[in-house]
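What follows is a set of notes on a single structure, which appears directly below.
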């Protein structure tokens, strides 16, 4: 069992029950300055062929707090517009009108510019540690009671018992029809040959307890782009060998006892009660000397 001692988390602020502000009503795009925190693996889309969801933290007033960018189709981005996790970016966007989730924005992808990359964990902790919450249980309850409740959070993992890695079952018939319809609609003069999105080889599911006092445990799918990307480098390995490598990276390393582990979680527009893990927040635990200096 991978245990994260709670007494080692003095920097993380208390759990918050505050609701995000109502979704703004804008007729023109506005500029957002964001810290990218999550790049979810792409999924089939009828309109775009494939789309990915990106989670971010708004850095400049009035657009602060958690923000979801959707849709983004990374294969269509030119190199200058591609960005990494923990990049600070600027882009124009509009609140997503067809999505009841308050944090959801529709990006104008061609406007994305990267300002800088936060390369060290301390610069990331300065922005994110105070946002970490104790209770996934409370977040689930809020979503059950109100479909427009908070849909993104960073949840502290009290202990992580397992990462289950299984063979992906393949795209559903519905997903395959989405991609086929999109490819059939492409202009015949399209210069680049498009191919359908390939399903990942494996799926991953974390089993963990949040820091809520009466938590009985959570089981949530891992949708991290990095989890899928690593699989592409393991094609020469057997299933057993590849699974071992994935568990080593995302369980043994990222969830090690010397890390302060939290999960970026988000729900689905169609099923607001269903939360998945978009990424793992896993800075090394600060030393005692550092904690004393910060708490003065």
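A short reminder: the numbers here are calculations on the coordinates, not readings from a lab. All of these numbers come straight from a predicted model, not from anything done at the bench. With ideal geometry, Cβ positions are generated from the backbone for all residues, glycine too; neighbour counts draw on all protein chains shown.
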| message | If you average the C-alpha positions of segment 217-238 and of segment 18-95 separately, how far apart do those two centres end up, in angstrom? | response | 22 Å
| said: Going by average Cβ density within 10 Å per residue, which order do the peptides 47-55, 261-269, 149-157 take, highest to lowest? | reply: 149-157, 261-269, 47-55
| query | How would you rank 60-69, 167-176, highest first, on the average number of other Cβ atoms within 10 Å across their residues? | reply | 60-69, 167-176
| Over segment 239-280, what is the mean sequence separation of C-alpha contacts under 8 Å (at least six apart), divided by residue count, expressed as relative contact order in percent? | 29 percent
| request: Indicate the gyration tensor shape class of segment 189-280 (rounded, prolate or oblate), computed on the Cα atoms with a ≥ b ≥ c the square roots of the eigenvalues: a/c under 1.5 is rounded; otherwise a/b larger than b/c is prolate and the rest oblate. | output: oblate
| remark: Ordering 85-93, 239-247 by per-residue average of other C-beta atoms within 10 angstrom, highest first, gives 85-93, 239-247
